[in-house]
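Please read the structure below before turning to the comments.
The values are calculated or read from the model by the stated rules, or taken from the named source; none is laboratory data. Note that the structure is a prediction, hence the values are computed from the model and not measured. Every residue, glycine among them, receives a Cβ derived from its backbone with ideal geometry; neighbour counts consider all protein chains shown. Areas reflect the complete protein model, heavy atoms only, side chains present, ligands, DNA and RNA absent. Shrake-Rupley method; radii C 1.70, N 1.55, O 1.52, S 1.80 Å.
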Amino acid sequence: MKTPTTFEEQTECIVDFLLTDFLGIPSQVTHRNLTGEVETDSGEPCPFDVAIIAGRLRMLGDNFNREVEASARNIIRETIRGQAGAILQETVKSLSKGWCAQDSSLAYERAFLAVSVKLLEHVSRMAPQVARQVATSVTDMINGNGAIREFIQGQGGWENLES
């Protein structure tokens, strides 16, 4: 198993893991050792554990279950029309700002990640046929947002992001 080294590779790995989990597909992460770390092809432990990071993101998103279903329906409709990226970005931005307004202690970047995960989860359950397209848009959206990237890297990278 090649250990993801760039931010973009790590983001893609995490979003893919979440998608397979939401769709009920058995995980491809098989090289875990007893300490919960991923092992590289050389057998060396790697602190990047996709399952743990995905779990943290899931818990973060679980705090914000309301409002998401209607937004997910809209994203599904627009994805079918070929507009997944634009509507996803607008929806994540809007819901994140709204949640931050309701809870002043919530960082926008944390809300952004939570909304992204919850929307992907709802889309995966409601319309699995478009979930891959939405997952690709989520990956691109995270990788293309400098503030989110800085937030994650400021936490010490994906592996240190807390729920």
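On the basis of being farther than 13 Å from G85 by Cα and modelled with pLDDT of 95 or more, does A147 make the cut? In short, yes. On inspection, E69 does not qualify as under 14 Å from the mean Cα position of the chain (by Cα) and either charged (D, E, K, R) or in a loop (DSSP other than H, G, I, E, B) (or both).
Yes/no per residue for (1) touching a Pro at 6+ places or on another chain (Cβ under 9 Å); (2) free of Cβ contacts under 8 Å to residues at least 12 places away in the same chain; (3) hydrophobic (A, V, I, L, M, F, W, C):
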residue	(1), (2), (3)
I80	no, no, yes
A86	no, yes, yes
E90	no, yes, no
R110	no, no, no
K118	no, no, no
V134	no, no, yes
T139	no, no, no
Q155	no, yes, no
N160	yes, yes, no
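Within segment 65-93, the set of residues being open to solvent by 20 Å² or more (accessible area, probe 1.4 Å) and either under 19 Å from F151 (Cα atoms) or in contact with a Lys or Arg (Cβ under 6 Å, 6 or more places away or on another chain) (or both) comprises Q89, K93.
Within segment 14-38, the set of residues being modelled with pLDDT under 90, within 17 Å of the chain's Cα centre (by Cα) and open to solvent by less than 40 Å² (accessible area, probe 1.4 Å) comprises V29 only.
When we screen T139, T79 for residues that are at pLDDT 95 or above, under 23 Å from E8 (Cβ atoms), touching a helix residue (DSSP H, G or I) at 6+ places or on another chain (Cβ under 7 Å) and β-branched (V, I, T), the only hit is T139.
Every residue, every condition in (1) out of contact with any Leu (no Cβ under 8 Å at 6 or more places or on another chain); (2) of a type outside the set (G, A, S); (3) open to solvent by 40 Å² or more (accessible area, probe 1.4 Å), yes or no:
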{"position": "R110", "(1), (2), (3)": "no, yes, yes"}
{"position": "K118", "(1), (2), (3)": "yes, yes, no"}
{"position": "V123", "(1), (2), (3)": "yes, yes, no"}
{"position": "Q129", "(1), (2), (3)": "yes, yes, yes"}
{"position": "V134", "(1), (2), (3)": "no, yes, no"}
{"position": "S137", "(1), (2), (3)": "no, no, no"}
{"position": "M141", "(1), (2), (3)": "no, yes, no"}
{"position": "A147", "(1), (2), (3)": "yes, no, yes"}
{"position": "Q155", "(1), (2), (3)": "no, yes, yes"}
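Total residues in segment 94-108 satisfying the condition of being surrounded by fewer than 20 Cβ atoms within 10 Å (Cβ to Cβ) and part of a helix (DSSP H, G or I): the figure is 7.
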